[in-house]
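Asker: Structure provided below as structure tokens; questions to follow.
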Amino acid sequence: MNKKLLALTTALTVAASGAAFAKCDYEDCMKMMHRDMGGFVQSQADISTVKQAMGMPDDAIVTLKGNIEKQVKKDKYIFKDATGEMTVEIGKKVWAGQTVSPSDTVVITGEIDKDFEHRKLDVERLTKE
């Protein structure tokens, strides 16, 4: 009986959190998410551009604001802002049930992955605005 009550309580909490996240702006969503999970919350002032990200070193942490234009492979997408476009890798967990179209503005945070010829962003967080 206690396991069923715990499962129901958890499901209701997750559903309520999802509804709240659907209606928040970037900073409010980040505060809500980190209130429950803990961690550092960046401000909008820390958002970089694709042009800046393309010049950053391997493993640099970057936050970008723009649009996901199209899917090019299973978990690879083209991300675009006013300064350019780059490949981003977004795993299933990062989507967290969100649906995003090319007309939606998103804020993504991740780590630059640079090899000899290419540079991409491994996205660890995605928030729809």
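Every number here is computed from the coordinates shown, using simple stated rules; none is lab data. Only a predicted model underlies this, so the values are computations on that prediction, with no experimental measurement involved. So basically every Cβ, Gly included, is an ideal-geometry build from the backbone, and we count neighbours across all protein chains shown.
Asker: Under a crude label model (7 Å from the Cα following the beta-carbon direction), how far is Ala82 from Trp95 in nanometres?
Answerer: It works out to 3.0 nm between the two label points.
Asker: Let me ask something else. Give me the one-decimal nm value for the distance between modelled label points at Glu69 and Asp46, 7 Å along each residue's Cα-to-Cβ direction.
Answerer: 2.8
Asker: In sequence order, what are the phi-derived ³J(HN,Hα) couplings for the stretch 95-111 according to the Karplus relation 6.51 cos²θ - 1.76 cosθ + 1.60 with θ = phi - 60°, rounded to whole Hz, with x for glycine and proline?
Answerer: 4, 6, x, 7, 10, 10, 10, x, 7, 7, 8, 10, 10, 10, 10, x, 10
Asker: If you build the convex hull over the alpha carbons only and average its shadow over all orientations, what do you get for the stretch 55-129? Give it in nm² to one decimal. Present the calculation step by step, with values, prior to reporting the outcome.
Answerer: Values: hull surface 19.3 nm².
In nm², the orientation-averaged hull projection of the stretch 55-129 is 4.8.
Asker: Past 20 Å, Cα to Cα, is the threshold; run Lys51/Lys73; Lys51/Lys93; Lys51/Lys92; Lys51/Lys74; Lys93/Lys120 against it and keep the listed order.
Answerer: Table pairs above 20 Å Cα-Cα are Lys51/Lys73; Lys51/Lys93; Lys51/Lys92; Lys51/Lys74.
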